[in-house]
Structure formats: C-alpha cells, structure tokens
Amino acid sequence: MAVFLKSKRDKDMVMFNNYKYNFGSNNVNTCEVRWRCAKRSCSDTLYTFGSKVVNGENILLSDQDRHNHMPCNDSDINRQMVSTICKRKASEELFIQPKKIILKELAQTSQLADGLTSNDFNTIRKTNLKFLSTVDTIYMDGTFQYCARFFTQMFTIHGFQNGHYIPLIFCLFPDKKYETYFYTLNAIIDKCNEINLKFSPKNITIDFELAIHSAVNEIWPLSKRVGCRFHLTQAWYRNIQQHGLVTEYKTNSDIGK
C-alpha cells in the first residue's frame, strides 16, 4: 500500500513497502507521476497515477529489486506519518493550538506512534511496578521547570539497581500538599497489591520538603529516610546568599571555609 507523506521540508513523498520516494516528474500526457528513492545512492523508481492519489490502488509500477539498501524501520515511518497528519490538520484548523493537534493525533494514532498499543502500555506499567517492588532503594523528586501546563510539579520515583538509577513512576501534581503525596503513594501500593506485589522500600532519598517526609513516614515508618544532597547544598547556598557571604565563599577565604 502506498502512503503519501510530507518531508521535513514540506515536499511531497510517497511510502511504499517501507521505502521512501521523493517526487521526480509528472507526465502530463498519461497523468503518471514518477517518484525516485529518497536515498540518493539508490536508483529505484516508482510510478503512480496522478499526484493526488490517496490510496495504494493506483500503483502502476515499481522496480523493487533495484534497491541497494534496507527499508525504513517502522518507528521512522510511524513518526513521519504522525508528522504529516499534524501538518495537514494545522493547515485546516488554523485556530487550534499546534500542541493540541499533536497531542490529539498521538492519542488517536497510539498504535502508530512507536508501534505501541494499549496492551503494550499495560505490560510496561506492570513491568515498572514489578521492578519497583524489588528494589531496596528509591529516589523521589519533583521538578517544576519542565512540568506540564496547569500542574505544579512532575513527581518522579526512581529505583536504584546495579549502580543505575531507573525512572519508574511519573506523576503530575496540582500542588505540594501532604494529602497529595499520601494519596499517590498509597495508590501505587494498591496497584502493586492488585498484581500480588509488595511496594515497601528500605531506603528512601527525598528532598527536605516537610509534606513528603510526613507522608513517607506515615506510610513506611520503618524505612530509612535520607535527605537529598543536591537540595541540601542548594539550601546552604541560599543561606550564604541571604547572609552576604557569597564573596567569601567563592574566594575560599577563612570565613568561607
């Protein structure tokens, strides 16, 4: 089946048997369009009836044996298909924000984007929970700079295994309240229980926010809580700034030491 796309430079392209073709020429007498392989070193050509064909029924001829390279991988094709759909929608729906169009198309074409289906996401979710239940040490942190609009923070939980920090849980929070942390952590525990897993880490590294410490202590009173060194040094430096000691700190003076 032939699929008509747009290149990064908004030029016409056609995809056939996982090979990309750029527009070559148009025969005004026969209405045949000649396409050439997008890879410059390849001489393969493809012919279609008319430049506005929207399905593969009118494919006329393809010298498929002349390719000297491997076809495109599925993820590359799916990415370009979603990109083409978004570009078309953006030109048709001028009053809709581009971000909304992209998110909508990604949701509607979830089977195209990266080749993942809802079953794949369920498998990934269970795998993450299973891994989370096996690690002894977890790291919790919230980021505010890169959080999605209408939310206060993106809260993440990483597991530490074999010298690597593995991101496992991502949450969007509307605030930094104790109730939000408490509800979320209990919800994760409940999800683990549903698939016969126990989420009870021995060591928890978190920042110095009172709300998260209170929630963690309430849920896992026997776990060891450790403050994050990064946030500790940030707090130290803020105090250095507040007390006018930045110069002494930077010059490594006796006061700075």
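The set of residues from region 218-257 being modelled with pLDDT of 90 or more and surrounded by 13 or more Cβ atoms within 10 Å (Cβ to Cβ) comprises 218, 219, 220, 223, 225. Filtering region 123-139 to residues that are over 19 Å from the mean Cα position of the chain (by Cα) and either over 16 Å from residue 188 (Cα atoms) or touching a residue at least 60 places away in the same chain (Cβ under 8 Å) (or both) leaves 130, 132, 133, 135, 136, 137, 138, 139.
For region 181-196, a residue qualifies if it is of a type outside the set (Phe, Trp, Tyr) and free of Cβ contacts under 8 Å to residues at least 24 places away in the same chain, and the qualifying residues are 187, 190, 193, 194, 196. Where strands (runs of 3 or more DSSP E) fall entirely within region 148-250, none has at least 3 residues that are within 29 Å of residue 127 (Cα to Cα), over 27 Å from the mean Cα position of the chain (by Cα) and among the aromatic types (Phe, Trp, Tyr).
Highlighted here are the strands (runs of 3 or more DSSP E) found entirely within region 1-45 that include at least 3 residues which are within 17 Å of residue 67 (Cα to Cα): 12-16, 19-27, 32-37.
The values are calculated or read from the model by the stated rules, or taken from the named source; none is laboratory data. The shown structure was predicted, so the numbers you read here are calculated from the model rather than taken from an experiment. Using ideal geometry, Cβ is built from the backbone for each residue, glycine included, and neighbour counts are taken over all protein chains shown.
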